[in-house]
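Data first, discussion second: the structure below is written as structure tokens.
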Amino acid sequence: KRKCGHLTARVRELEDSLADAVEKAAAERRGRVRAQQSLRRALSEQGASPDKGKPATAPASYPMAPIGTVESCFSTRNGTPRQPLVVPLARATVVLNPARVAAEALEGLASYSHCWILYVFHLNTDLDKMWKDPARSKLKAKVRVPRLKGGKMGVLATRTPHRPNPIGLSVAKVEAVDGHAILLSGVDLVDGTPVLDIKPYLPYSDSVEGATIPNWLEVDGALAVESIHFSEHFISSLSNCWAHVQKQALYASADEFQDLIKEVLSWDIRSLSQRLRPHQVTIESKADDCGSKADKDCRNKEDYQAADSCSIVVYHLHLEGIDVSYKIDENSNIIVDNAALLPSAANQNRCSYLTWRDKLSTL
């Protein structure tokens, strides 16, 4: 009994030590992210001073500044669709900067069904390298492709955000236009995305008859999930959350918001690295006696592999200020089992469904 007691105490000591190490690693990661964000802001605000000693040459860069910002239902990159129009209920408002673009510039846009959005991949972690020294940024020539299950393809043969120039191009459905704002649907844009330009979609020239794609893109259901189910606990928790966010959300009701969740999760939104090494997730026990490892943040591969075999991974999707928790098994069956308010939910001040309700009712 004394030996068992000593071993139990030792196990608890090691578990506490592991938990402390995990928390320190998480704190260090948050610090690195904050440092990267600060560096990006500083570099973007730094003006380029001309070198008077050198002869005039062709410009190495071109002056561009965002004309507006995206207010999206997607709070983070994780969960944002990889392509436009695959999630029809995904909504966003593009709010133009009145100092740069007059409201009259949008006159006539509402007559088009769709438009092109040109924007900046502003959350890329390699932006600081490009600003410091573009010629030596060492961007990868090949990237891993989700549909190829980690197989690599040339960066310019993919839609990856990690490009020589971090410029994105998306098509979206124009729902309504009001003043300096445009309501879009079917978007694949994360909240806060800087918009460079907006162009109307022209079917006679933008839709190419007879266009072809590589065979690896024609695989049906390569990223589709098998099923999606909502637990009773999720329904009740969503109802509680919706009472706090409904005045700021782009959706008319909790039921419509639930339909959005189903559309988003109908594709496996996890990156290849998340499928192999779950990060920014939680570990949850299936049984009460699975140890205090449960409910600890899983930050790296070693942490995940150390989890008990009776543990499962809980993933998180952030939409409209709500943290949606879900699980996915080896057969791609998804259970959505909780909704919780995010700390930032109360601080949102943006266009909502109530802003657009009258415009939408006249369409």
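The values are calculated or read from the model by the stated rules, or taken from the named source; none is laboratory data. Model, not experiment: these values are computed from the prediction. Here the Cβ is made from the backbone with ideal geometry for all residues, glycine too, and neighbour counts use every protein chain on show. Keep in mind that these areas ignore ligands, DNA and RNA; they rest on the heavy atoms of the full protein, side chains included. Shrake-Rupley method; radii C 1.70, N 1.55, O 1.52, S 1.80 Å.
Details
- Test for L139: is it open to solvent by 80 Å² or more (accessible area, probe 1.4 Å) and either at pLDDT below 95 or in contact with a Leu (Cβ under 9 Å, 6 or more places away or on another chain) (or both): no
- Whenever a residue of the stretch 29-45 is more than 16 Å from D126 (Cβ to Cβ), its partners that are open to solvent by 60 Å² or more (accessible area, probe 1.4 Å) and modelled with pLDDT under 75, lying with C-beta atoms within less than 8 angstrom and at least six residues away or across chains, give the pairs R29/R299.
- Evaluation of G68 against (1) of a type in the set (G, A, S); (2) at pLDDT 80 or above; (3) open to solvent by 70 Å² or more (accessible area, probe 1.4 Å) (one fails), failing number: (3)
- Criterion violated by E256 - all others in (1) in contact with a Leu (Cβ under 6 Å, 6 or more places away or on another chain); (2) farther than 30 Å from T158 by Cα satisfied: (1)
- In the set (1) surrounded by 15 or more Cβ atoms within 10 Å (Cβ to Cβ); (2) modelled with pLDDT under 95; (3) farther than 18 Å from G192 by Cα, the condition left unmet by H122 is number (3).
- Selection count, the stretch 204-225, where residues are surrounded by 12 or more Cβ atoms within 10 Å (Cβ to Cβ) and under 30 Å from Y326 (Cα atoms): 5
- If only residues of the stretch 72-109 that are outside any loop (DSSP other than H, G, I, E, B) and in contact with a helix residue (DSSP H, G or I) (Cβ under 9 Å, 6 or more places away or on another chain) are counted, the one that is surrounded by the fewest Cβ atoms within 10 Å (Cβ to Cβ) is L96.
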